[in-house]
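Report on one structure; see the data block that follows.
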Amino acid sequence: MSWIAGADGFKSRWCVVLQNVVTGELRARICPNFAGLLTLAEEPSVVTVDIPIGLPEVTRPGGRVCEQQARKILGSRASSVFSAVGRAALRAGSRADADAISRAAGGLGIGAQAWGLAEKLKEADAVMTPEHQRLVREVHPEVSFWAMNGRAPLPAGKKTLEGMLGRMDALEAEGFPSTFVRQLPAGLRVGRDDFLDACAALWTARRIEAGQAERFPAAIDPDARGVDQAIWY
């Protein structure tokens with residue numbers, strides 16, 4: 001298998017960037033759901049996704065260990081790392097109910113931003129198993145860009161012009177063609193920031209494929225279902 005892939009979620013879909021590790025060919029497309037990431041036509045050997053994989057039953061202060069460690073190195077970008085909503089709260093039908101369930105179990109309250117990821121979390125959690133982690137790994141774009149940038153967080157937010165240009169520069173320095181990162185591929189209807197995040201996910205997939213990737217935390221951290229909770233970079 002010659003392909004690898006990186007994916008970033010937006011609205012109800014996924015932006016996927018693929019690369020052939022032999023020829024260097026890059027492709028980008030929209031995938032309608034998480035399950036579709038496991039059945040891409042190119043049959044990639046690694047798929048990296050910007051969504052929590054492996055969940056606590058209840059979200060404790062600070063979140064998962066991988067989230068705590070990611071925030072520690074991101075400095076001013078630390079707020080981009082949300083604590084994953086626990087499985088107990090995800091069973092609720094509304095944010096208010098989820099908040100009440102989490103608090104009653106001794107966990108954190110569930111804010112609007114965290115609950116905004118609930119559908120994608122449920123979608124991923126319904127599919128992921130320890131076996132599927134041979135293919136699919138969790139990433140966080142800000143952590144990937146931190147690693148690209150000499151282990152220093154990028155100073156500007158990803159939705160600002162400065163932030164987008166800085167992310168393009170970082171990707172170009174890692175071998176992404178300027179023509180690919182500085183203009184959206186034809187027909188790809190997605191925000192530029194989501195596209196760049198998918199490229200960052202692909203960069204980490206390259207490192208995993210090459211046996212060069214690292215992770216937070218360094219040790220295996222299984223959840224109650226045996227799914228490893230780790231952010232790769």
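Taken together, the values in this text are just the output of simple stated rules run on the coordinates, not laboratory data. Note that the structure is a prediction, hence the values are computed from the model and not measured. Cβ atoms come from the backbone with ideal geometry, glycine included; neighbour counts cover every protein chain shown.
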*Gyration tensor (alpha-carbon) shape descriptor, the stretch 150-233, a/c threshold 1.5*: prolate
*Just one of (1) 59, 42, 42; (2) 59, 45, 32; (3) 52, 36, 35 is Cα extents along the principal axes in Å as worked out from the coordinates here. Which one is it?*
(3)
_Relative contact order [Cα under 8 Å, 6+ residues apart], the chain, whole percent_ = 28 percent
*Per DSSP H run of n ≥ 4, the term is -39500 (n - 2.57); total these for the chain, divide by its residue number, and report the mean residue ellipticity at 222 nm rounded to 500 deg cm²/dmol.*
-10000 deg cm²/dmol
*Top of GLY86, GLY24, GLY109 by mean-square fluctuation, Gaussian network on the chain, Cα under 10 Å*: GLY24
_Gap separating the Cα centres of the stretch 148-219 and the stretch 1-65, nearest whole Å_ = 14 Å
_Cleavage-rule hits, trypsin sites (Lys or Arg not before Pro), the stretch 1-61, DSSP coil, Cβ neighbours within 10 Å at most 14_ = LYS11
*Report the residues of the stretch 1-38 in range of a label on ALA173: point 7 Å along Cα→C-beta, backbone N strictly under 17 Å from it.*
none
